[in-house]
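Read through the structure below, which is laid out as structure tokens, and then see the notes.
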Amino acid sequence: MNAVQEFLVHKLLFPKVYLDAEWNGNKVDVLAIDRSGSGDVHAVHIYPLPPNTTIGAACILFSSASNLGISLIDEIMSLQSHYRYIAITSEDPNARKFNSAELASQWALAEDGVGRIGILYLDLTEDDPKFQVRVILRAERFRNSKEIVEMADQFVASHTANWEYREEL
């Protein structure tokens, strides 16, 4: 979670980051709300790869008819957030291998074509969090709604962030 938090902190402007958050009734491993809590919502599910599984094989699993694949994708697609990610973790150096054609699947796209789930790879063999997270498939913004904005406002008002930008006085 620390590596994903670090990734989002460097990617966003003044984010508030929440670990193990409950967002709209769903558990989210890392939730970030940009612009000090008034901007886009980024939700990340962390998925540990089974031993001897590559990133490409995991993506095929997500898009297959297996219960795990469908439930994970359905859960992520149902999240009310602007950006949605799967962060795949592995300590296996062979897990890094992937074929970009395997990632061109339709499962990552929103039904209406606006938005795509991003895939991050967390290389647990790296010591420095800056180098642990690699973008495999860039997330694209899902449609905005009044509900997402209202949920973000309520969430920020009622929860303490695990990390946030604070100006020095």
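The values are calculated or read from the model by the stated rules, or taken from the named source; none is laboratory data. What you see is a predicted model, and the numbers here were worked out from it, not measured in a lab. No Cβ is skipped: glycine too gets one built from the backbone with ideal geometry, and neighbour counts run over all protein chains shown.
A few notes on this one:
- Answer from Val9, Val4, Val30 - the residue that is of a type in the set (Val, Ile, Thr), closer than 18 Å to Leu79 by Cβ and either modelled with pLDDT of 95 or more or surrounded by fewer than 18 Cβ atoms within 10 Å (Cβ to Cβ) (or both): Val30
- Of the residues making up the range 22-30, none is small (Gly, Ala, Ser) and in contact with a strand residue (DSSP E or B) (Cβ under 6 Å, 6 or more places away or on another chain).
- Among the residues of the range 84-99, those identified as of a type outside the set (A, V, I, L, M) and either at pLDDT below 85 or on the phi > 0 side of the Ramachandran plot (or both) are Ser90, Glu91, Asp92, Pro93, Asn94, Arg96, Lys97, Phe98, Asn99.
- The one condition from (1) modelled with pLDDT under 90; (2) surrounded by 16 or more Cβ atoms within 10 Å (Cβ to Cβ); (3) within 17 Å of Pro15 (Cα to Cα); (4) not aromatic (Phe, Trp, Tyr) that Ile136 does not meet is (3).
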